[in-house]
Amino acid sequence: MFNRLFRYSSYASAWLVLIVLAGIFISLYYYASDAIHEFGFWHFLTDPTWEVGEDDEGGVFGGLIPILGTLFSTVIAMIVAVPLAMGIALFLTEIAHEKLKAPVGIAIELLAAIPSIIYGMWALFFLGPVLQHLFGGQSNSLLTAGLVLAIMIIPFMAAITRDAMNTTPAVLKESAYAMGATRFEVVKDVIFPYARRGIIGSVILALGRALGETMAVAFVIGGVFRMPESLTQPTISIPVLLANNFGEAADLELSAMFYLALILFAISFATISIAKFFFLRERV
């Protein structure tokens, strides 16, 4: 009886996840249907215009600027965060003294627990002005948004990568050292290959958070519907547009926002699906 109950509850839990995913997709598509029929797919992706009609019922809406803002800020974050997170994980697993591993590891976990709004406030009053002084432009910019995203995802990536590297059997590393391998060779040829899936998984999870982050980015990206001429100029992202304008939107503009949410959902889902495809393909 208990075995049957356990089996059915497991099936129900698995199906519940699929039902929730399907429900989210169907709901987004239903509310975005007006914008989909009005603007199509390719035109919506390539149109930089976002203008509400005079009667607040029509208008011209294109998703190019928020889509590019989301992608560019995420790319900046990943370029900065990936090598730093890998370096932190290597320091904690292979280089740091035993007395340093615990406090540094705790500090990384505490950074991961800080609410995103605090990162946004810090970036608004400190990071943004520093970047403006160094590179010119404006303090609220695409560059500031990308760097604050990087700072936010580094703790997640570093913690998961550290745990993945710690699963490498000590006998493999000791054998490599016994054969004359240097520390760099052990890391490159033993630790990285063994922990590869965990490392890639940490990157994918960090990428998912960077794509959907709202509050911290809303403080520093500028929130203006404009194509930035450089990294030091303000722009807008999909989550920021939804957070700032959703409460006041109506009719076609509201449908266009659901269209953007659907696109963001598709980007995130496609990224994770592609990653899982490669994991499953390599599994033996």
| query | Are any residues in the stretch 1-45 under 23 Å from the mean Cα position of the chain (by Cα) and over 13 Å from Phe258 (Cβ atoms), and if so, which ones? | reply | Val17, Leu18, Val20, Leu21, Ala22, Gly23, Leu45
| message | Would you confirm whether or not the stretch 72-80 contains a residue that is in a helix (DSSP H, G or I), touching a residue at least 40 places away in the same chain (Cβ under 8 Å), hydroxyl-bearing (Ser, Thr, Tyr) and touching a Gly at 6+ places or on another chain (Cβ under 9 Å)? | response | yes
| remark: Scanning the stretch 170-199 residue by residue, the ones that are open to solvent by less than 80 Å² (accessible area, probe 1.4 Å), without any contact (Cβ under 8 Å) to a residue 24 or more places away in the chain and part of a loop (DSSP other than H, G, I, E, B) total 3
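Within the stretch 93-167, which helices (runs of 4 or more DSSP H) (wholly inside it) include 1 or more residues that are buried (at least 22 other Cβ atoms within 10 Å of the Cβ)? I'd like the intermediate steps shown before the answer.
On the way: elements: 98-113, 116-122, 128-135, 142-166.
The helices (runs of 4 or more DSSP H) meeting that bar are 116-122, 128-135, 142-166.
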| query | Which pairs have Cβ atoms under 6 Å, sit 6 or more apart or on different chains, and link a residue in the stretch 10-31 that is over 16 Å from Leu254 (Cα atoms) and free of Cβ contacts under 8 Å to residues at least 40 places away in the same chain to one that is open to solvent by 90 Å² or more (accessible area, probe 1.4 Å) and part of a helix (DSSP H, G or I)? | reply | none
| request: Can you confirm whether the stretch 45-60 contains a residue that is at positive phi and touching an Asp or Glu at 6+ places or on another chain (Cβ under 6 Å)? | output: yes
| Between a first residue in the stretch 225-241 that is farther than 22 Å from Leu262 by Cα and open to solvent by less than 10 Å² (accessible area, probe 1.4 Å) and a second residue that is in a loop (DSSP other than H, G, I, E, B) and polar (S, T, N, Q), which pairs have beta carbons less than 6 Å apart while being 6 or more apart in sequence or on different chains? | Pro234/Gln138; Pro234/Asn140; Pro234/Ser141
| remark: Selection from the stretch 242-253 of residues open to solvent by 50 Å² or more (accessible area, probe 1.4 Å) and of a type in the set (A, V, I, L, M, F, W, C) yields Ala243, Phe246
| request: May I ask you to say which residue of Leu28, Leu84 is over 23 Å from Ala270 (Cβ atoms) and either modelled with pLDDT of 90 or more or touching a Cys at 6+ places or on another chain (Cβ under 6 Å) (or both)? | output: Leu84
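Leu205 - would you say it is in contact (Cβ under 8 Å) with a residue 24 or more places away in the chain, closer than 22 Å to Thr74 by Cβ and open to solvent by less than 20 Å² (accessible area, probe 1.4 Å)? Give the steps one after another, and end with the answer.
Working: in contact (Cβ under 8 Å) with a residue 24 or more places away in the chain: yes; closer than 22 Å to Thr74 by Cβ: yes; open to solvent by less than 20 Å² (accessible area, probe 1.4 Å): no.
Spelling it out, it is not the case that Leu205 is in contact (Cβ under 8 Å) with a residue 24 or more places away in the chain, closer than 22 Å to Thr74 by Cβ and open to solvent by less than 20 Å² (accessible area, probe 1.4 Å).
The values are calculated or read from the model by the stated rules, or taken from the named source; none is laboratory data. Note that this is a predicted model, so its numbers are computed, not measured. Methodologically, a virtual Cβ is constructed for each residue, glycine included, from the backbone with ideal geometry; neighbour enumeration extends over all protein chains shown. Note: areas computed on protein heavy atoms with side chains; ligands, DNA, RNA excluded. Shrake-Rupley method; radii C 1.70, N 1.55, O 1.52, S 1.80 Å.
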